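Notes follow once the structure below has been shown.
None of the figures in this text is laboratory data; all of them are computed from the coordinates on show. Note that this is a predicted model, so its numbers are computed, not measured. Here Cβ is always computed from backbone atoms with ideal geometry, including for glycine, and neighbour counts include all displayed protein chains.
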Amino acid sequence: MLELLLARDGAGKAYDLLADMRALNPGVAPMTVYRAPEFLVEQGLVHKVAATSSFVVCKHGPHPHNDPVFLVCGRCGDATEWDNLALGDQVEQALAGLGLDAYGMEILWIACAARRRMPSGDSPSEM
Ligand SMILES: [Zn+2]
Ligand SMILES: [Zn+2]
């Protein structure tokens, strides 16, 4: 399953993965395919992006104390993990003050022009 995601450039929707699995094994049960990425999410190898209902392979290894920050393109749905632990911690602390627990963040932006580059530094400046 992880290999199928990597073959899709690291991201895919559940039904894309089902199509890929069926191409390899026509008899595979949909539930098996839908459970596999959830398992990878629990293992911390893959993140689920709610805005696009897709699964994205984590590029940064384990997240020790905060959950991922994703930049999601509002135009094409491209989801890029933003390795910004400071922002993650800040939002997590703010939510903790309200008695809430964050489990990830998704920031919408228009990224088509900049999608080949990962944002660097503190802010996505090329907007
Ligand atoms: Zn990650
Ligand atoms: Zn886009």
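Which net charge results when you count Lys and Arg as +1 and Asp and Glu as -1 among the other residues whose beta-carbon is under 10 Å from that of H60? Display every interim value, and only then the final one.
Details: positive: K59; negative: E81, D83.
Result for the neighbourhood of H60: -1.
Which of the chymotrypsin sites (Phe, Trp or Tyr not before Pro) across region 49-113 are loop residues per DSSP, with 15 or fewer other Cβ within 10 Å? Mind dumping the intermediate values first?
Numbers: sites: F55, F70, W82, Y103, W109; in loops: Y103.
Here the chymotrypsin sites (Phe, Trp or Tyr not before Pro) that fit, given the DSSP loop and packing criteria, are Y103.
Could you work out how far apart the two model spin labels at F39 and K59 are, taking each label as a point 7 Å from the Cα in the direction of the beta carbon, and quote it in nm?
According to this spin-label approximation, the distance is 2.7 nm.
Hey, fewest Cβ within 10 Å first, where do H47, H60 land in order?
Numbers: H47 25, H60 12.
With the fewest neighbours first, H47, H60 line up as H60, H47.
What percent antiparallel are the DSSP beta bridges of region 2-117, to the nearest 5? Write down the numbers at each step before the final one.
Numbers: 11 of 16 bridges.
The antiparallel proportion sits near 70 percent.
Grab the Cα-Cα distance for A23 and A94, subtract it from 0.36 nm times how many residues apart they are, and report the gain in nm with one decimal. Intermediate results must be reported in sequence, preceding the final value.
Working: separation 71, 0.36 × 71 = 25.56 nm, distance 4.58 nm.
Using 0.36 nm per residue and subtracting the Cα-Cα distance, I get 21.0 nm.
Listing D83, D20, D9 from the residue with the fewest other Cβ atoms within 10 Å to the one with the most, what is the order? Kindly include the intermediate steps, with their values, before the conclusion.
Details: D83 15, D20 18, D9 10.
Lowest to highest Cβ neighbour count: D9, D83, D20.
How much length would be gained if the chain were fully extended between W109 and L2, taking 0.36 nm per residue of separation minus their Cα-Cα distance, in nm to one decimal? Provide the component values of the computation, followed by the final result.
Working: separation 107, 0.36 × 107 = 38.52 nm, distance 2.70 nm.
Working it through step by step, the gained length comes to 35.8 nm.
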